[in-house]
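Student: Before we start, here is the structure in question, set down as structure tokens.
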Amino acid sequence: MTPDKKGRPSGPNAQGKKKALTGVIQLTRKGVGYLPWPDEPEKEDVEVQNIDLRGALNGDTVEVELSSLFPRPKGKVVKVVARAKEEFVCTLKEVAGKLVAVPDDIKFYKPISLMDGSRYSAGEKVLVRLISFDGVKDPIGSIVEHLGRAGEHRVEMNAIVLEHGFSTAFPEAVEAEAHAIEENHAKVIEKELETPVSTSASRGGREDSRDIPVFTIDPADAKDFDDALSIVSLPDGTYEVGVHIADATYYCAPGTAIDDEAKRRGTSVYLVDATIPMLPHALSSNICSLKEGEDRLAFSAVFRMNDKAEVLERRFVKSVIRSQKRFTYEEAQGVLDAAQGPLLKELGQLRALARIMRKKREHEGAIDFGDNEVKFVLDEKGKPIKVVRKTRIETMLMIEEWMLLANREVASHVSELAKKVPEKNYVFLYRIHDTPKEDRIEELSTFVRAIGYDFTNNKKKSAKDISKLLSDIKGKPEEHLIRTATLRSMAKAIYSTKNIGHFGLAFQYYTHFTSPIRRYPDMLVHRILASHLSGQPITRNEYGDLEKLCIAASAREAEAVEAERESIRYKQVEFMMGKIGQVFEGVISGVTDWGLYVEEKESAAEGLIRVRTIGNDFYTYSAKEYALIGERTKKKYALGDRVRVKLVGADLASRTLDFELA
């Protein structure tokens with residue numbers, strides 16, 4: 001179909017049915033939709049005006065009929081094929097004497113009329129199920145859960161969790177199963193230890209590793225302990241290192257209510273002051289957790305290594321372990337720094353090998369994006385009274401290296417087994433990270449050069465190029481800014497049955513094996529690895545829906561990450577609310593034609609300086625220089641510039657801050 005001079009469809013289908021496209025529509029805050037062309041990403045998205053959405057909401061799968069192709073493709077929704085979600089967190093407000101539910105999702109562009117709102121009052125938060133919305137009449141919904149008063153800490157945190165499709169409570173059937181398992185746990189350990197070790201690769205057999213010095217190192221506020229380490233010096237001068245992972249799959253068998261719920265959740269969610277676990281507490285923080293002094297079932301990755309940190313042999317075995325010590329990161333670091341304390345020898349050996357492994361990864365081009373997270377100190381009501389920047393200490397880096405090793409070696413092991421018998425078409429789950437797209441690298445190059453760094457515009461940047469850039473900016477004021485921009489230029493890491501390697505880690509094979517308490521893909525990896533070790537590997541035919549599970553897990557992970565970020569943004573704005581009128585140090589983190597985004601130094605909260613508030617000049621946006629430039633004075637405000645700003649507004653509902661230059 002080709003357009004005529006006025007942009008109307010013409011050609012064979014011009015007088016008949018107009019061309020229709022089906023896909024997922026994305027909405028802007030103003031309620032305008034954009035639909036990508038199926039299998040033609042180079043084409044400009046089809047624009048759908050609000051009046052033509054026919055009740056479609058952000059993320060819905062829709063059928064769109066094209067109405068014109070020039071000056072840009074435009075269309076109308078003819079059918080909402082599937083809703084992305086049907087439940088929305090809303091705040092009740094009175095509009096023209098009527099109580100309506102205003103969705104917290106700013107891309108839901110109309111308030112919802114309620115069938116049953118008489119019991120509630122304005123200012124309360126509720127979860128609403130959408131019953132009908134055709135774009136002509138107002139949307140209609142029904143309240144399914146009352147959350148409490150808007151603005152209260154726990155209410156707002158629960159609202160964020162629910163808005164992203166997670167739940168703070170578990171179904172009764174799940175809790176009942178978990179309680180029964182918890183009651184029977186001692187007998188389970190006893191039974192597993194009685195099974196002959198010769199069958200240890202299968203579900204039934206275990207190595208008794210309780211006499212090995214095993215220990216955990218985790219954050220001070222950790223409730224579940226997925227992983228533990230051990231190291232034993234061997235007579236020939238090599239080491240036997242054990243990475244012991246909680247055997248959550250033993251208790252989370254396919255077909256159970258626990259497994260169904262874990263699959264639905266996909267991951268645990270970490271908010272500023274709470275964890276919403278994937279598994280019920282009886283499992284996640286009790287019998288699966290590798291607690292000090294307690295017998296626990298584990299899946300152990302055991303490596304014989306030399307003093308060059310080379311893996312000479314590897315084996316994977318089901319085991320029973322007993323952690324001898326629960327370290328926090330700071331406690332373990334204190335032992336190493338003071339050169340005295342419990343398990344000093346083991347900690348020192350593991351640190352020495354981890355340093356070699358880290359140096360080797362850096363040489364191979366692994367990218368370290370660092371860590372710029374903030375942590376809140378809250379009062380008894382959940383109000384933030386202090387914000388501190390998290391810092392990574394060496395024990396954190398050490399644990400990271402051993403987890404990376406276990407994940408890489410599991411993926412390599414199963415891949416090598418599959419290659420030996422390709423006709424079997426064995427299936428596996430990889431954690432993959434694609435190379436960045438050329439246009440993203442071009443944007444990053446322009447961005448970095450605007451700040452003053454030499455990052456030549458080569459479309460095919462290697463991991464080593466990016467790693468060098470991040471090394472060059474270390475300790476500079478603009479470090480966080482460039483790290484964030486670099487991270488945004490990267491492809492998203494996802495789960496897949498098709499291995500393409502991991503660009504950021506510079507690994508050919510990689511998976512997620514080390515966190516089955518909090519990630520469903522890790523449990524799938526445990527099941528697949530166990531099946532290979534038992535001599536009865538899972539084939540693609542038997543696990544035909546694994547790719548669907550990978551896609552679902554990647555989507556749930558993205559929702560969890562966004563929920564975590566929202567909880568942080570909420571607390572950042574809440575922290576700043578009592579500081580209106582105060583002056584802060586900041587750095588320009590974004591430049592647009594409507595103003596400057598500034599990241600405040602202490603809280604890392606980002607706010608907007610509107611262009612109309614900047615001085616007595618007319619400022620225009622220079623995309624090439626990432627700057628606003630005054631026409632008369634030539635005064636320039638550019639990306640990365642340090643500025644002093646005054647806070648003039650804070651809106652908790654929209655999670656936004658307004659600054660003015662001080």
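Student: Restricting attention to segment 47-79, which residues are under 15 Å from VAL24 (Cβ atoms) and assigned to a loop (DSSP other than H, G, I, E, B)?
Tutor: LEU53, ALA56, LEU57, ASN58, GLY59, ASP60
Student: Now for a different question. Could you grab me the full set of residues in segment 85-129 that are open to solvent by 60 Å² or more (accessible area, probe 1.4 Å) and among the hydrophobic types (A, V, I, L, M, F, W, C)?
Tutor: VAL95, ALA96, ILE106, MET115
Student: If you don't mind, another one. Which number in (1) open to solvent by 40 Å² or more (accessible area, probe 1.4 Å); (2) more than 25 Å from ASP211 (Cβ to Cβ) marks the one condition that GLU294 misses?
Tutor: Here GLU294 clears every test but (2).
Student: Hey, could you check segment 213-240 for residues that are assigned to a loop (DSSP other than H, G, I, E, B) and buried (at least 20 other Cβ atoms within 10 Å of the Cβ) and say which is modelled with the lowest pLDDT?
Tutor: ASP224
Student: Among the residues of segment 14-71, which ones are under 30 Å from ARG655 (Cβ atoms) and of a type in the set (S, T, N, Q)?
Tutor: Within segment 14-71, GLN26, THR28, GLN49, ASN50, ASN58, THR61 qualify.
Student: Mind listing whichever residues of segment 315-339 are open to solvent by 70 Å² or more (accessible area, probe 1.4 Å) and either part of a strand (DSSP E or B) or among the hydroxyl-bearing types (Ser, Thr, Tyr) (or both)?
Tutor: Passing the criteria: ARG315, ARG322, GLN324.
Student: Return the pair list, or none, for Cβ contacts closer than 7 Å from residues in segment 508-531 that are among the small types (Gly, Ala, Ser) to residues that are open to solvent by less than 10 Å² (accessible area, probe 1.4 Å), at least 6 apart or on different chains.
Tutor: Filtered contacts from segment 508-531: SER515/ASP226; SER515/ASP522.
Student: Identify, by number, the condition in (1) of a type in the set (Phe, Trp, Tyr); (2) open to solvent by 40 Å² or more (accessible area, probe 1.4 Å); (3) under 22 Å from the mean Cα position of the chain (by Cα) that PHE428 doesn't meet.
Tutor: (2)
Student: For segment 254-287, give me the residue count where each residue is over 26 Å from ALA332 (Cα atoms) and open to solvent by 30 Å² or more (accessible area, probe 1.4 Å).
Tutor: Residues meeting the conditions: 7.
Student: Identify, please: which residue in segment 493-516 is of a type in the set (Ser, Thr, Tyr) and under 24 Å from PHE225 (Cα atoms) and is, among those, surrounded by the fewest Cβ atoms within 10 Å (Cβ to Cβ)?
Tutor: Going through the qualifying residues, I end up with SER515.
Student: Sticking with this one: Of the conditions (1) open to solvent by 70 Å² or more (accessible area, probe 1.4 Å); (2) in contact with a Phe, Trp or Tyr (Cβ under 6 Å, 6 or more places away or on another chain), GLY55 fails just one. Which one is it?
Tutor: Only one criterion is unmet by GLY55, namely (1).
Student: Go through segment 293-314 and give me each residue that's closer than 19 Å to THR514 by Cβ and part of a strand (DSSP E or B).
Tutor: Result: ARG296, LEU297, ALA298, PHE299, SER300, ALA301, VAL302, PHE303, MET305, VAL311, ARG314.
Student: Also: Going by the conditions given, is ILE356 open to solvent by 10 Å² or more (accessible area, probe 1.4 Å) and over 30 Å from ILE181 (Cβ atoms)?
Tutor: yes
Student: Of the conditions (1) open to solvent by 20 Å² or more (accessible area, probe 1.4 Å); (2) of a type outside the set (Lys, Arg); (3) free of Cβ contacts under 8 Å to residues at least 24 places away in the same chain, ILE451 satisfies every one except a single condition; which number is it?
Tutor: Exception for ILE451: condition (3).
Student: In segment 459-493, how many are over 21 Å from ILE432 (Cα atoms) and among the hydroxyl-bearing types (Ser, Thr, Tyr)?
Tutor: Selection size over segment 459-493: 1.
Student: So, one more: With respect to the numbered conditions (1) buried (at least 20 other Cβ atoms within 10 Å of the Cβ); (2) modelled with pLDDT under 95; (3) more than 30 Å from SER603 (Cβ to Cβ), which one is the sole condition not fulfilled by ALA301?
Tutor: Result: ALA301 fails condition (2) only.
Student: Hey, LYS386 hits all of (1) of a type in the set (D, E, K, R); (2) in contact (Cβ under 8 Å) with a residue 60 or more places away in the chain; (3) in contact with a Phe, Trp or Tyr (Cβ under 9 Å, 6 or more places away or on another chain); (4) not in a helix (DSSP H, G or I) but one; which does it fall short on?
Tutor: With (1) of a type in the set (D, E, K, R); (2) in contact (Cβ under 8 Å) with a residue 60 or more places away in the chain; (3) in contact with a Phe, Trp or Tyr (Cβ under 9 Å, 6 or more places away or on another chain); (4) not in a helix (DSSP H, G or I) applied to LYS386, the lone miss is (2).
Student: Shifting gears a bit: GLY365 fails exactly one of the following numbered conditions: (1) open to solvent by 10 Å² or more (accessible area, probe 1.4 Å); (2) in contact with a helix residue (DSSP H, G or I) (Cβ under 8 Å, 6 or more places away or on another chain). What is the number of that condition?
Tutor: In the conditions (1) open to solvent by 10 Å² or more (accessible area, probe 1.4 Å); (2) in contact with a helix residue (DSSP H, G or I) (Cβ under 8 Å, 6 or more places away or on another chain), GLY365 misses (1) alone.
Student: Same structure, new question: If only one of VAL89, VAL62, VAL100, VAL80 is among the hydrophobic types (A, V, I, L, M, F, W, C), at pLDDT 90 or above and touching a helix residue (DSSP H, G or I) at 6+ places or on another chain (Cβ under 7 Å), which one is it?
Tutor: VAL89
Student: Does SER142 count as of a type in the set (Ser, Thr, Tyr), open to solvent by less than 50 Å² (accessible area, probe 1.4 Å) and under 33 Å from the mean Cα position of the chain (by Cα)?
Tutor: yes
Student: Please give the strands (runs of 3 or more DSSP E) falling wholly within segment 554-662 in which 1 or more residues are touching a strand residue (DSSP E or B) at 6+ places or on another chain (Cβ under 9 Å) and open to solvent by less than 20 Å² (accessible area, probe 1.4 Å).
Tutor: 583-592, 595-600, 606-610, 627-630, 636-638, 642-651, 656-661
Student: Okay, moving on. Just checking, how many residues over segment 431-446 are open to solvent by 60 Å² or more (accessible area, probe 1.4 Å) and in a loop (DSSP other than H, G, I, E, B)?
Tutor: 3
Student: Also: Out of (1) surrounded by fewer than 16 Cβ atoms within 10 Å (Cβ to Cβ); (2) more than 28 Å from the chain's Cα centre (by Cα); (3) among the acidic types (Asp, Glu), the odd one out for GLU65 is which?
Tutor: Among (1) surrounded by fewer than 16 Cβ atoms within 10 Å (Cβ to Cβ); (2) more than 28 Å from the chain's Cα centre (by Cα); (3) among the acidic types (Asp, Glu), the lone unmet condition for GLU65 is (1).
Student: Select from segment 619-662 the residues that are β-branched (Val, Ile, Thr) and touching an Asp or Glu at 6+ places or on another chain (Cβ under 6 Å) and write down the one among them that is farthest from ARG565 (Cα to Cα).
Tutor: Here the residue is THR633.
Student: Also: Is it the case, given these coordinates, that ILE551 is open to solvent by less than 10 Å² (accessible area, probe 1.4 Å) and in a helix (DSSP H, G or I)?
Tutor: Considered against the rule, which asks whether it is open to solvent by less than 10 Å² (accessible area, probe 1.4 Å) and in a helix (DSSP H, G or I), ILE551 comes out as no.
The values are calculated or read from the model by the stated rules, or taken from the named source; none is laboratory data. A quick note: this is a predicted structure, and the numbers were derived from the prediction, not measured. Cβ atoms come from the backbone with ideal geometry, glycine included; neighbour counts cover every protein chain shown. When the accessible area is computed, the model is the full protein with side chains, heavy atoms only, and any ligands, DNA or RNA have been set aside. Shrake-Rupley method; radii C 1.70, N 1.55, O 1.52, S 1.80 Å.
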